[in-house]
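Asker: I'd like to ask you about the structure that follows.
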Amino acid sequence: MSTAHEIEAAIRTLSPLEREKLIKDLPALLPELDGDLAWNQIMGDTRPRPALDALLDQAEADYKKNPAALPEVSDKNFDLHS
């Protein structure tokens with residue numbers, strides 16, 4: 001297959017089981033889908049971001065004023081099966 005359009009068309013013809021397997025295999029085929037890699041690139045980006053810095057400073061100040069306003073997050077919050 002030579003184009004993204006042809007690949008997309010081929011994916012649409014896969015059975016649900018084959019699509020599920022593809023979903024599991026995609027991070028190995030396309031490492032840029034790896035969330036850790038993406039976060040590492042974001043954290044390593046040295047370009048100034050004044051608006052983001054201001055937002056994070058405000059969030060930190062709000063948390064210091066009233067930590068109970070922001071409940072603690074746990075792994076359960078991300079469990080799709082609960």
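Asker: Taking only region 19-30 into account, find how many residues are open to solvent by 70 Å² or more (accessible area, probe 1.4 Å) and over 14 Å from residue 7 (Cβ atoms).
Answerer: Number satisfying all stated conditions: 5.
Asker: Then there is this: For region 32-51, which residues satisfy the criterion of being under 22 Å from residue 7 (Cβ atoms) and surrounded by fewer than 10 Cβ atoms within 10 Å (Cβ to Cβ)?
Answerer: Scanning region 32-51 gives a single hit, 32.
Asker: I would also like to ask the following. With the requirement that a residue be of a type outside the set (Ser, Thr, Tyr), surrounded by 10 or more Cβ atoms within 10 Å (Cβ to Cβ) and in a helix (DSSP H, G or I), what does region 61-77 give you?
Answerer: Step one: of region 61-77, the residues of a type outside the set (Ser, Thr, Tyr) are 61-62, 64-73, 75-77.
Imposing the further condition that a residue be surrounded by 10 or more Cβ atoms within 10 Å (Cβ to Cβ) reduces the set to 62, 67, 70.
Listed by number, the residues that qualify are 62, 67.
Asker: Still on this structure: Residue 80 is checked against (1) under 30 Å from residue 12 (Cβ atoms); (2) in a helix (DSSP H, G or I) and fails just one. What number does that condition carry?
Answerer: Among (1) under 30 Å from residue 12 (Cβ atoms); (2) in a helix (DSSP H, G or I), the lone unmet condition for residue 80 is (2).
The values are calculated or read from the model by the stated rules, or taken from the named source; none is laboratory data. Everything numeric here is computed off the predicted structure, so don't read it as measured data. As a convention, Cβ positions derive from the backbone with ideal geometry for all residues, glycine included, and neighbour counts pool all protein chains shown. For accessibility, only protein heavy atoms count, side chains too; no ligands or nucleic acids. Shrake-Rupley method; radii C 1.70, N 1.55, O 1.52, S 1.80 Å.
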